[in-house]
1. Rounded, prolate or oblate for the range A:1-71? Axes are the square roots of the Cα gyration tensor eigenvalues, ordered a ≥ b ≥ c, and the cut-off for rounded is a/c under 1.5.
2. Which of A:Trp112, A:Pro186, A:Leu224 sits farthest toward the positive end of the charge dipole of the range A:106-232, with +1 on the Cβ of Lys and Arg and -1 on the Cβ of Asp and Glu?
3. How much FRET efficiency would the formula 1/(1 + (r/R0)^6) give for B:Glu72 and A:Asn258, where r is the Cβ-Cβ distance and R0 is 60 Å, rounded to 0.05?
4. Bin by bin, in steps of 5 Å, what percent of the Cα pairs in the range B:156-234 do you find, going until the bin that has the longest distance?
5. Filter the DSSP H helices in chain A by two things, a Kyte-Doolittle mean of at least 1.6 and an axial alpha-carbon span of 27 angstrom or more, and list the hits by number.
6. Take every Cα pair under 8 Å in the range B:64-179 that's 6+ residues apart, average their separations, divide by the length, and report that relative contact order as a whole percent.
7. For the range A:111-172, what does the alpha-carbon gyration tensor say about shape, rounded, prolate or oblate, given a ≥ b ≥ c as the root eigenvalues, a/c under 1.5 as rounded, and a/b over b/c as prolate?
8. Give B:Lys79/B:Lys114; B:Lys301/B:Lys329; B:Lys200/B:Lys257; B:Lys114/B:Lys306; B:Lys249/B:Lys301 a once-over and call out the pairs whose C-alpha atoms are over 26 Å from each other.
Amino acid sequence: MDALLLSLLNGLSYSLLLFLLASGLTLIFSLLGVLNFAHGSFYMLGAYVAWQTGQWLGFCGGLLVAPLAVAAVATLFEVGVLRRVRAQGHLPELLATFAFGVVLVEAARLLWGSASVPYGIPPVLQGSLFRLGGLEFAAYRGFVMAVGLAALGAAWLLLWRTRIGLVVQAALTHAPMVSALGHNVPAVQTLVLAAGGALAGLAGAVGGPLLITEPGMAAQMGALLFAVIIIGGLGSLRGALFGALLVGELQTLAVAVNGSLADGLQRLGWSAPAGWPAASGIVPSLLHLDLSRAAPLLPYVLVVAVLAFKPHGLTRALGRDEAL
Amino acid sequence: MTLSRRHLLSLMAGSLAAGALPVRARELPVVKLAFIDPLTGPFAAIGQNQLQSWQFVADRVNRGNTAGVRFEIVPFDNKGAVQDTVNALQAAIDQDIRYVLQGDGSGAALALSKAVSRHNVRHPGKEVVYLNYAAVDPALTGSDCSFWHFALQPSVPMTLQAMTDDIRNRPDIQRVYLIEQDYSFGHQVAKYAREMLARKRPDIQIVGEDFVALGQVKDFSPYIAKVQAAKADCIITANWGPDLTLLIKAAQQGGLKADLYTFYASSLGAPSEIGPHDAGRVKLVYYSEPNLPGTLQSLQKGFRDKYKQDFSVPVTYTGLLLLTAAMTKAHSIDPIKVASAMEGLKFHTFNGEVTMRAADHQLLQPIYVSSWQPVSAANPYNVENTGYTFALDHTDPPAQTTLPAQCTMQRPLTTEIYPVKPPKVRASAVRGGN
């Protein structure tokens, strides 16, 4: 039981890290209408910048500088590239973000090498926060959760309790009208891309020590992020949170469970027909596959299922047609 | 055909340039080696390091060798995928490369070994030899063995032989957990670990076994929670690349106290993550240890000076020594003669005298069990500048880890070079065009 609870908590911290990334990605999508393929690279850049500046300014310094630096890069990219190609429609924009992501990864490879860099947990946050039974919950995981929740709170306050948030919300759904009322919609778009970049940078700064800091982290995280926002519903912040929690906990719990689908069915009273081969043939071997082995696959299975049955994602299907 | 003045001039310039080449370079026969391993994707860092290792030892051996040849490494990126590996082999063959180097991933290695054998049957006179420097699935030298495949790293059962011998003498280990990568290699490790432990230490319980998708898992904390819940006091893992670094990181965060017996703790990037917390608990069972005196020290120093990284694949050096020794013995660089000469060859390399066993083409060499310790006067090599090193616990000489060969080798009927067929029209047309 303790092990399950601990796994849930571990999954929660991982989910909140995913949410930091997915929230930016989904906001950018709703406002700019493009999937930002460079988002994984923003995450990677955040980790590298935090590690590099952390050498001079300490861990906290890195944590502050990384979001700002990534936001600056995102701003330059929006103003310098995205605005120019926007006139040609969404496809060139999409390709531009994809190309920019590759450029960032290769630049990191040139600057910092293709091996992982030793971006570690600072001594203050090492050790355990509390113990559950005989198991430790790492202090750093608690810290990641705190950062994730703080970012969630800040995003919520900014979007729902400020005038800027009001304009952003309006621009999400009624951009021409907001523009006609005298607001600078392109500036709002830049702001959202910068904010998304800052969130990704922050995620990189806290995720680097938790996971791994190397150029490959961009591609690894990128694919999972798309799964998260598709499951949650493209363009919805609540959906991003929902999707992140679902994917994070699903992956963690699938590993924590010992046993296969067949074991679960047996517990529910189902028994294999006599004469069924236990481990050969496609259906039996799928049924007898350990769930923990299939864990990395589950988010993508879920994506396919969601696209097939609820093409707009789970949250929209739950009954709100607003973007947020 | 009339020659224009410009044509004539360019011909003259060409011959001048050829004449300006250093005499040595022109005289030494060049042996091209195709390097086929991931240079992009999750395992790119390892692949790049391996490529640099090969290039570095080629430079070393090119300074002078008994065979009087010059090695040139030609990189191909297989992205870690089986299909791309086979495609890369074809690309290499098209460039007339007759020696292939590959190591990462037993799945790719098995496919490559089969593709090489198939090619050699179909194209007598154009044979290709495959030096496998890292894939260790026992099928490669067992059920699927091939005359053209040579394994430079100890196979899974050999490494596990050394590992379980070490565990046998540690009564404090009672509960063992297996975390392996989910492909043929990881499953072989789990299978042999169970078998050998059951034989050598029937009192040991295997309390858990997890297979992780290769390069897919980012958060290893649930696995560590399982290990802790199972109260294991030892983990056996053959993970490599990010799958190992992430596992070590998660173990530290979870405050894991169990010993970690690894195949690849010295591979690139992993030592940087191990840290002081794991001193004495992380074990490396490998064909090398960084404090071996002699040649290895000079190689490690030279490599670090040049690439600012650790020389973590020293078997590359053994590989080129094997080739030069065989070429010297065969008085030829023709793959079919060199392959025959490599069978049963004994030679000296950085870890002492080694033998390429003729029966299954498995290199027999010492295996070292070492553990993560602070750098000291006796063990001075500072691994990845961490202040720590792998300090030797004990050495298993080849005789102790050699297992009976499982291979029924199909040798070519003759090692004489087959009569080369006259070149096809298209090929000669291409050559004439140059």
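1. On the way: a/c = 3.08, a/b = 1.14, b/c = 2.70.
Here the range A:1-71 falls in the oblate category.
2. Of the options given, the answer is A:Pro186.
3. Details: r = 51 Å, r/R0 = 0.86.
Efficiency, from the Cβ-Cβ distance: 0.70.
4. Computed distribution, short to long bins: 3, 15, 25, 23, 20, 11, 3, 0.
5. Numbers: long enough: A:2-32 (44 Å, 1.84); A:39-77 (28 Å, 1.13); A:90-112 (33 Å, 1.30); A:139-161 (32 Å, 1.29); A:185-210 (37 Å, 1.48); A:237-256 (28 Å, 1.39).
Qualifying helices, which must be both long enough and hydrophobic enough, are A:2-32.
6. Numbers: 124 pairs, mean separation 22.1, N = 116.
Rounded, it is 19 percent for the range B:64-179.
7. Working: a/c = 4.05, a/b = 1.63, b/c = 2.49.
The shape class here is oblate.
8. Values: B:Lys79/B:Lys114 19 Å; B:Lys301/B:Lys329 31 Å; B:Lys200/B:Lys257 24 Å; B:Lys114/B:Lys306 36 Å; B:Lys249/B:Lys301 28 Å.
Cα-Cα > 26 Å for B:Lys301/B:Lys329; B:Lys114/B:Lys306; B:Lys249/B:Lys301; rest within.
Every number in this text was worked out from the coordinates using simple rules, so none of it is lab data. Since we're looking at a predicted model, the values are computed, not measured. Positions of Cβ are backbone-derived with ideal geometry, glycine not excepted, and every protein chain shown enters the neighbour counts.
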